[in-house]
1. Could you tell me the center-to-center distance, by alpha carbons, between region 37-105 and region 265-282 in angstrom?
2. Long-range amide H contacts for HIS42: which residues qualify at under 5 Å (H placed 1.01 Å from N, peptide plane, sequence gap of 5 or more or a different chain)?
3. Mind listing the phi-derived Karplus ³J(HN,Hα) values for region 90-101, rounded to whole Hz, using 6.51, -1.76 and 1.60 with θ = phi - 60°, and x for any glycine or proline?
4. So if each residue of separation counts as 0.36 nm, and I subtract the Cα-Cα distance between GLU220 and GLN90, what length gain in nm does that give?
5. Which residues' amide hydrogens lie under 5 Å from the amide hydrogen of ALA200, considering only partners 5 or more residues apart or on another chain, with H built in the peptide plane?
6. Take every Cα-Cα pair in region 1-105 and report what % of them are more than 23 Å apart.
7. Calculate one ³J(HN,Hα) per residue across region 68-85 by plugging θ = phi - 60° into the Karplus curve 6.51 cos²θ - 1.76 cosθ + 1.60, and present them in order as whole Hz with x for glycine and proline.
8. Please state the relative contact order of the chain as a whole percent: Cα pairs under 8 Å, 6+ residues apart?
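Every read-out reported here was derived from the displayed coordinates using simple, explicitly stated rules and does not represent laboratory data. Source: prediction; values computed, not measured. Every residue, glycine among them, receives a Cβ derived from its backbone with ideal geometry; neighbour counts consider all protein chains shown.
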Amino acid sequence: MVEKIDLTLSQGFLNLNKPFGWTSHDCVARVRKLLRLKRVGHAGTLDPAATGVLPIALGKATRLLQYLPGEKAYKATIRLGVRTTTDDLQGEIITSCPCTALSFADVKTALLQFQGKIEQIPPIYSAIQVEGKRLYDLARQGETVEVPSRIVEVFQIEILDWREGDFPELDVAIACGAGTYIRAIARDLGTVLSTGGTLAALTRTQSSGFDLADSLTLNELEAQLQAGTFQPTSPDAALQHLSSVNLPATSAQKWCQGQKINITVDVSGTVRVYDEQTRFLGIGQLQDEVLIPQMVFEPIS
């Protein structure tokens with residue numbers, strides 16, 4: 001356990017490399033304990049069997065999670081010839097039938113159906129709520145629920161490897177929007193090919209602007225904390241996809257007090273707000289040259 005935490009380092013974001021077998025909640029609990037910090041949250045839940053980027057918000061930065069970009073990227077292994085209850089290898093096998101006659105050309109053609117805006121039914125074992133209850137809770141209770149479909153967007157699917165056999169496996173890199181279930185893509189690809197399909201492995205390589213190459217494992221985080229070298233990503237650095245505006249001192253103070261500010265700039269929509277000294281003040285909404293406070297992160301006294 002780290003003896004003392006500099007609280008000035010406990011406001012921002014941690015790019016965590018989630019280990020296999022841990023839930024996202026497990027990771028939040030561990031980070032909370034390591035930093036001795038009550039306010040810790042995460043963006044984009046990962047299944048226990050998945051690894052990779054899990055953005056963690058620290059302290060007041062938890063209020064900024066909703067403003068992070070939604071795009072994500074994954075490396076996935078899809079096993080064909082198998083269907084499971086959870087659409088991954090963690091579930092019970094529903095059907096298992098060798099498909100040695102399946103050709104790579106057929107798989108490549110079928111994958112084209114999963115690019116662009118597609119309609120997708122989330123797995124029955126997922127965190128989505130139906131009538132106030134999580135789907136995985138309902139599934140474990142044996143309740144049959146009609147899962148509503150949703151429109152998601154897959155920007156790109158790149159084939160990385162193809163391995164023939166009784167149960168062929170396909171490695172793919174997938175770039176997609178928020179809410180996309182890779183397990184559902186594996187399942188539906190198997191349906192299109194009439195072989196069955198399930199997700200065999202999954203690593204998230206990018207999420208909400210964070211990249212796997214820059215992530216820290218829990219062990220690395222603990223080591224950095226012990227050495228006093230841990231530096232979280234600053235709150236506004238994680239929001240660089242948003243335009244920014246700077247306010248003069250008087251306007252900045254009024255804005256931090258919840259007042260709307262008239263301002264003439266060439267941007268609109270959700271923006272980062274700074275004062276004259278480029279101190280990050282929070283998030284605003286620009287509508288018809290009026291800057292409306294959305295979230296005041298750093299009030300001016």
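1. With region 37-105 and region 265-282 each reduced to a Cα centre, they are spaced 34 Å.
2. For HIS42, the qualifying residues are ALA57.
3. After applying 6.51 cos²θ - 1.76 cosθ + 1.60, I find 7, x, 7, 6, 8, 9, 8, 9, x, 9, 5, 7 Hz.
4. Details: separation 130, 0.36 × 130 = 46.80 nm, distance 2.76 nm.
Between GLU220 and GLN90, full extension yields an extra 44.0 nm.
5. Excluding prolines and chain starts, which carry no amide H, the hits are THR77, ILE78, ARG79.
6. Values: 2427 of 5460 pairs.
That fraction is 44 percent.
7. 5, x, x, 5, 9, 9, 9, 10, 10, 10, 10, 9, 9, x, 10, 10, 10, 5
8. Numbers: 635 pairs, mean separation 63.5, N = 301.
21 percent.
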